[in-house]
Each structure stands twice: as C-alpha cells, then as structure tokens.
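> Quick one: structure below, then a few questions.
Every number in this text was worked out from the coordinates using simple rules, so none of it is lab data. Treat the numbers as computed from the prediction; the structure is a model and nothing was measured. A quick note on method: Cβ atoms are made from the backbone with ideal geometry, for glycine too, and the neighbour counts reach across all protein chains shown.
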C-alpha cells in the first residue's frame with residue numbers, strides 16, 4: 001500500500017492549510033496517509049553560525065525521514081506576507097542542509113488556501129519555482145480561494161472547486 005505524507009505548512013493550531021491537506025488526503029483510496037503537524041518539528045530560525053555551533057536539529061532529520069518513508073506528498077502552503085510561514089521556511093532551510101534534494105522526486109500535490117480571494121497564490125508561485133530545485137516532482141496543484149466561504153464541515157462546499165481538487169488528487173494517485 002502506498003503511503004502519503006500530508007501537512008499544512010503552518011504552526012497554527014487551527015491551520016486552514018492543515019484542514020485542506022487533511023481533506024485532500026481523505027480523498028485518496030487504498031492509500032495510507034500520515035498527516036503531520038509542523039508543531040511536532042519545531043526548529044530554530046536557520047543560521048550558518050547556529051549550524052556550526054549546534055549542528056542540525058534532530059527535528060529536521062525526523063522531518064526528512066518522514067519524507068523519505070513516503071511515496072508521495074500533499075503540501076498546503078500557508079501564506080504570510082506573500083511568502084512561506086516562518087516555521088515552514090526554517091524547517092525547509094534546515095532540512096535542505098541535510099539533503100538539498102529533500103523532496104526526492106516524490107509525486108507532490110502542491111496546494112494553498114487563505115481567507116482571501118487569491119487563495120495563497122503568491123506563496124504557491126514561490127514554491128512552484130523553488131521546490132523543483134530541491135527535487136520536487138509537482139504533479140498537480142490546487143488553490144482554494146476564500147477558505148471561510150468555500151470550506152465548511154471539513155470539506156469544500158463549492159462543487160466546481162471540489163471537482164478541481166478531486167482531479168488534482170486523482171492525478172497524484174495515478175503518479176504514485
């Protein structure tokens with residue numbers, strides 16, 4: 001059975017991106033899913049000086065181990081000021097110091113959502129350009145605009161948007 005790793009790239013206890021990643025992963029059939037909480041992988045802000053003094057944090061290695069043990073990834077990026085959240089950026093930086101090719105060509109569904117009408121598209125565009133340098137195999141992408149209007153009772157309520165997500169999840173499933 002294939003294993004998917006899913007997470008929202010946020011440390012909010014009520015992360016809308018974690019909710020979206022969890023919902024997307026629930027659409028997969030005959031697949032083992034592990035939904036991560038980035039709060040379990042807390043690391044300090046990356047710096048060369050800190051790496052030289054203390055080495056790589058264990059949580060960065062644990063996060064990379066989770067990626068390595070998976071067959072595919074569902075990542076929903078939270079957007080802070082048009083870019084990655086601080087927790088995700090630090091974890092990404094530390095993990096890439098262990099292995100710059102951290103995504104290991106695993107098939108990836110890359111998503112974002114926000115309360116606004118753009119659905120986190122700025123951070124999604126950053127990741128689309130950056131992640132392939134780190135060996136991301138982005139097979140599908142999805143952006144959910146206006147989260148509070150379009151996501152209720154743990155699912156997408158807009159039929160067209162839900163159909164788009166189902167198509168993206170199916171594309172991921174086909175590539176596993």
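> Taking the range 18-50 as the region of interest, how many residues are part of a helix (DSSP H, G or I), touching a strand residue (DSSP E or B) at 6+ places or on another chain (Cβ under 8 Å) and crowded, with 17+ Cβ neighbours inside 10 Å? Before you say what the answer is, go through the steps one by one.
Filtering the range 18-50 down to residues part of a helix (DSSP H, G or I) leaves 18-26, 38-41, 48-50.
So of that shortlist, the ones also touching a strand residue (DSSP E or B) at 6+ places or on another chain (Cβ under 8 Å) come out as 18-26, 38.
Now narrow it down to the ones that are crowded, with 17+ Cβ neighbours inside 10 Å: 18-25, 38.
Residues meeting the conditions: 9.
> Of the conditions (1) surrounded by fewer than 22 Cβ atoms within 10 Å (Cβ to Cβ); (2) without any contact (Cβ under 8 Å) to a residue 60 or more places away in the chain; (3) over 19 Å from residue 133 (Cα atoms); (4) in contact with a strand residue (DSSP E or B) (Cβ under 7 Å, 6 or more places away or on another chain), residue 105 clears all except one; give me its number.
(3)
> Exactly one condition in (1) surrounded by 14 or more Cβ atoms within 10 Å (Cβ to Cβ); (2) in contact with a helix residue (DSSP H, G or I) (Cβ under 6 Å, 6 or more places away or on another chain); (3) in contact (Cβ under 8 Å) with a residue 12 or more places away in the chain is not met by residue 115; state its number.
The one condition residue 115 does not meet is (1).
> Being assigned to a helix (DSSP H, G or I) and either touching a strand residue (DSSP E or B) at 6+ places or on another chain (Cβ under 7 Å) or surrounded by fewer than 24 Cβ atoms within 10 Å (Cβ to Cβ) (or both) is the filter here, so list the residues in the range 63-81 that pass it. Let's see the steps before the verdict.
Restricting attention to the range 63-81, the residues satisfying the condition of being assigned to a helix (DSSP H, G or I) are 63-69.
Passing the criteria: 64, 65, 66, 67, 68, 69.
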